[in-house]
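So the structure is just underneath, and the comments pick up after that.
What follows draws every value from the coordinates through simple rules; no lab data is involved. Remember, it's a predicted structure, so these values are computed and weren't measured experimentally. A quick note on method: Cβ atoms are made from the backbone with ideal geometry, for glycine too, and the neighbour counts reach across all protein chains shown.
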Amino acid sequence: MLPVFIPNLPDCEYQYGEKPLTADQIIQFARDYEEWLIVDLEHEFLYTGQVIGTVIKSHVNTEPVTVKFIDSTPREYPTGTWFVTLKITNQDVIQGIHNEHYTGGSATTIEREDTDKLRKILNVPITSTTKSKIKRIPISEIKNPVVITISIVHSPCVPLANFVV
């Protein structure tokens, strides 16, 4: 199980003006993601088109929940935390998780109005030209953001978005 977003928790972009997400924003992100259900590695899907797993379950908790990190340390997550359960199908990524090279997850967001463009791009090979047009933008600067992938990453931007059992 993997927490994706935790309400009212500043992330690594906070010092640059990013705002913590509310539970209502997180619920909307989780709903929007149901249309995509893409699992990728290090936010590379828009560059490579590679999918490394599938979503088994996606939910936002309706009450506080205590879960354990992989190292058995308990952690309480507040109401409104978005969790996903994933089945990773790429053996190299599975090994990287076991070796603790990949420690958690992170969401990739785009503007809602760009989702139609993305659907068209997904039907053609992704090129270096396509890759050069994609840049990192904090969620708070995206108009009407939509989550399109959950990425397995080395170091999650959201604190405590690490694998839990």
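Quick rundown of the values:
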read-out: Mean Cβ count within 10 Å, highest first, over the residues of peptides 13-23, 105-115; value: 105-115, 13-23
read-out: Radius 15 Å from Cβ of K57, net charge of other residues (Lys, Arg +1; Asp, Glu -1); value: +1
read-out: Length gained when the stretch V55-T85 is fully extended (0.36 nm per residue, less Cα-Cα span); value: 10.2 nm
read-out: Point-charge dipole on Cβ atoms (K/R +1, D/E -1) for segment 41-129, about Cα centre, debye to 20; value: 280
read-out: Gain on full stretching of the segment that runs from D92 to V67 - 0.36 nm per residue minus C-alpha separation; value: 6.4 nm
read-out: Burial ordering of F69, F45, F29, fewest other beta-carbon atoms within 10 Å first; value: F69, F29, F45
read-out: Relative contact order %, segment 2-153, counting alpha carbon pairs below 8 Å whose residues are six or more apart; value: 33
read-out: Burial order of peptide ranges 73-86, 53-66, 150-163 (average beta-carbon count within 10 Å, highest first); value: 150-163, 73-86, 53-66
read-out: Most mobile of K87, K117, K68 in a GNM of the chain (Cα contacts under 10 Å); value: K117
